[in-house]
1. Quick one: which helices (runs of 4 or more DSSP H) sit completely within segment 181-275 and have at least 2 residues that are open to solvent by 60 Å² or more (accessible area, probe 1.4 Å) and in contact (Cβ under 8 Å) with a residue 24 or more places away in the chain?
2. I'd like to verify a number: residues in segment 136-160 that are modelled with pLDDT of 85 or more and outside any loop (DSSP other than H, G, I, E, B), how many?
3. Could you tell me which of the residues 102, 68 is touching a His at 6+ places or on another chain (Cβ under 9 Å), in a helix (DSSP H, G or I) and in contact (Cβ under 8 Å) with a residue 60 or more places away in the chain?
4. What pairs come out if I take residues in segment 137-166 that are closer than 23 Å to residue 277 by Cα and touching a residue at least 12 places away in the same chain (Cβ under 8 Å) and pair them with residues that are surrounded by 15 or more Cβ atoms within 10 Å (Cβ to Cβ) and of a type in the set (Lys, Arg) whose C-beta lies under 9 Å away, six or more apart or interchain?
5. Looking at segment 115-135, I want the residues that are outside any helix (DSSP H, G or I) and have a partner that is open to solvent by less than 40 Å² (accessible area, probe 1.4 Å) with Cβ atoms under 6 Å, at least 6 apart or on another chain. Which pairs are those?
6. Go through segment 10-54 and give me each residue that's of a type in the set (S, T, N, Q), part of a helix (DSSP H, G or I) and surrounded by fewer than 16 Cβ atoms within 10 Å (Cβ to Cβ).
7. Would you mind telling me which numbered condition in (1) free of Cβ contacts under 8 Å to residues at least 60 places away in the same chain; (2) under 17 Å from residue 275 (Cβ atoms) residue 62 fails?
8. From 119, 80, 96, grab the single residue that is at pLDDT 85 or above, under 19 Å from the mean Cα position of the chain (by Cα) and either open to solvent by less than 50 Å² (accessible area, probe 1.4 Å) or of a type outside the set (Val, Ile, Thr) (or both).
Amino acid sequence: MIKINYYHSLIFFNLCILLSAFEYLRSNSLLIVSLLLILSIGISHGSLDHVKGKKLLKILGIKSSAVFYLGYIFVGLITIFIWLLFPKFLLFLFLIIAAYHFGKEDSEFINKNKKFEIIYFFKGSLVIVSPLLFHKNETLSIFKSLNFDISENILINNEILYLLIFFSFFSNIVLSKNKNFDLKTILFLDFFSVLILNYFLNPIIAFTTYFCFLHSIRHSISLIKNINNNIKKGFPIFLRKAFPLTMITSIMYIISLIFLKNYYELDEAIYKVIFIGLASLTFPHILLEYLLEKNEK
């Protein structure tokens, strides 16, 4: 598994260097392309949550699968509802949780240790901080379209952003302590890949590239390994199991986009669909992971 992640990180690093050479990607967001990638590769890494949900129900002694589906949908709808009422609070909370989530899942090939919980947050915060540092105006514009104006917030001062990037770098040092060369290489390749993406590319393209081709693929690989230790045999099974929820979620995204297009410009509607949609999926996804991890112990 470490070798697979090593080659994955190496390929992703070279992909980032290749993309950084295209001047066109620095000033264009390619929103439709980004949306399609997120709807296919991006959200598919959470499309086996129903399998994990059934596992959790079995541990808890609950026989009806409807309990999981209703609970999962309820958390997602509540997330959207709170976003509509308190957008600043929920987006701020989402960014914090997303940073922790990215840091933890991108490091899942390392033996987990409770003392690393804050380290995971600092590691994943690079994904949030980098676009604010390198493309502040574009990133703040995206936040404004989500009713989240932090243009006067002290937290986006360059000094603080550089400090957070240092903490992210330091977190990789902590995680790589007493690890072999391959593990160290994976962590630091990922770190510099995210920096390269956000320095050279438009924020939405940088995020989409990271989310789809590093975060989602890495998590999907771990899911495939859980299905079958042989990647080649497990991959088609994963596709078959992931397809239904991926398709249903994609259709819901598209319906939401069509609805929002009646009230907002296309770009703004896509931003809302991407980030509010991801929040509505991330909260129940993380809650499921937490409950399953806690009850398995």
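1. The qualifying helices (runs of 4 or more DSSP H) are 181-200, 231-260.
2. 14
3. Just one listed residue meets the conditions, 102.
4. Correct list of pairs: 145/272; 146/272.
5. 135/203
6. 14, 27, 40
7. It is condition (2) that residue 62 fails.
8. 119
The values are calculated or read from the model by the stated rules, or taken from the named source; none is laboratory data. As the structure is a prediction and not an experimental result, all values here were calculated from the model. Methodologically, a virtual Cβ is constructed for each residue, glycine included, from the backbone with ideal geometry; neighbour enumeration extends over all protein chains shown. Ligands, DNA and RNA are stripped out before the accessible areas are found, and what is left, the full protein with its side chains, is counted by its heavy atoms. Shrake-Rupley method; radii C 1.70, N 1.55, O 1.52, S 1.80 Å.
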